[in-house]
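The values are calculated or read from the model by the stated rules, or taken from the named source; none is laboratory data. All values derive from a computational prediction rather than experimental measurement. Cβ placement follows ideal geometry from the backbone for every residue including glycine, while neighbour counts extend to all protein chains displayed. We work out accessible area using only protein heavy atoms, side chains counted, and drop any ligands, DNA or RNA first. Shrake-Rupley method; radii C 1.70, N 1.55, O 1.52, S 1.80 Å.
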Amino acid sequence: MRRAIVIGASSGLGFEVAKLLKSDGWRLGVAARRSDLLQRLGDDVETEALDVTDAGAETRLLALIERVGGMDLFFYASGIGRQNPQLEADVELATVCTNGQGFTRMIGTAFRYMAQNGGGHIAAITSIAGTKGLGPAPSYSATKAFQNVYLQALEQLANARRLNIRFTDIRPGFVATALLGDAPNYPLLMQPEAVARQMVKAIKKQRHIVVIDGRWRIITTLWRWIPNWIWRRLKLNAN
């Protein structure tokens, strides 16, 4: 039986992907800060209360993997983010802690486990926000760029060490989940169920990088072509 671990499975895209994997016959272990919400996935799913910012998260993840009986797929969906044009210090630092340190802790744990146990597949939800520095959300876009580069570096490292570890960096545009809060003005908003299906499809195809969806692929391509001297003068709206 294929075995998957999903971090951040209590709601949003993590929850939707966990449901799809379960329906596809995967043996599941799921984790989130609020473990009570994980019970909705059924009694046959292993659960763990886990905060990625906590130093004990690595031990909890390894315990969950052991209860599942191993790990073929590690799917990472945990993260926080909000617009912060006033640059409130607590918002910036919390985002860096979760999306930077927490991400590194969990992805690193999965990498080391797979390196010692025959390999596997690491997939993580990052964001199109890592394409360019976004003034309304400085720490969020910066940490997403960090995640993109970190996964790329680990893929190179795995190849250099001849490890059978595959990677999928999933970069969605705006998705109607709790992460966006109540702000009504996000463009090209997508529904989590449809996005989750595209994510699982990308994992099955072992895509290295996937931007969801096609409209956002066009937009992010155009972003990359905008010279920095123009980009830094753009006035992006903050909701």
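Observations on the structure shown:
- Any hit, the range 10-18, residues being part of a loop (DSSP other than H, G, I, E, B), free of Cβ contacts under 8 Å to residues at least 60 places away in the same chain, surrounded by 19 or more Cβ atoms within 10 Å (Cβ to Cβ) and small (Gly, Ala, Ser): yes
- Members of the range 204-237 that are farther than 26 Å from GLY25 by Cα, open to solvent by 50 Å² or more (accessible area, probe 1.4 Å) and assigned to a loop (DSSP other than H, G, I, E, B): PRO227, ARG232, ARG233, LEU234, LYS235, LEU236, ASN237
- When the residues of the range 19-46 are filtered to those that are in a helix (DSSP H, G or I) and more than 16 Å from ALA196 (Cα to Cα), the one that is most open to solvent (accessible area, probe 1.4 Å) is ARG40.
- Failed item in (1) within 30 Å of ASN228 (Cβ to Cβ); (2) part of a helix (DSSP H, G or I); (3) open to solvent by 40 Å² or more (accessible area, probe 1.4 Å), with PRO85 passing the rest: (2)
- Qualifying positions in the range 115-128 - of a type in the set (A, V, I, L, M), surrounded by fewer than 22 Cβ atoms within 10 Å (Cβ to Cβ) and within 19 Å of the chain's Cα centre (by Cα): ILE128
- Against the test of being in contact with a Lys or Arg (Cβ under 9 Å, 6 or more places away or on another chain) and crowded, with 18+ Cβ neighbours inside 10 Å, the options THR109, THR131, THR177, THR143 yield a single qualifying residue, THR131.
- Here ALA194 meets each of (1) more than 15 Å from the chain's Cα centre (by Cα); (2) more than 21 Å from ASP72 (Cα to Cα); (3) at pLDDT 90 or above; (4) open to solvent by 50 Å² or more (accessible area, probe 1.4 Å) with one exception, condition (4).
- A single member of ILE65, ILE122 is touching a helix residue (DSSP H, G or I) at 6+ places or on another chain (Cβ under 6 Å) and closer than 28 Å to LEU20 by Cα, and it is ILE122.
- Condition met for LEU163 (open to solvent by less than 20 Å² (accessible area, probe 1.4 Å) and touching a residue at least 24 places away in the same chain (Cβ under 8 Å)): no
- Scanning the range 68-75 turns up no residue that is surrounded by 19 or more Cβ atoms within 10 Å (Cβ to Cβ) and either among the acidic types (Asp, Glu) or at pLDDT below 95 (or both).
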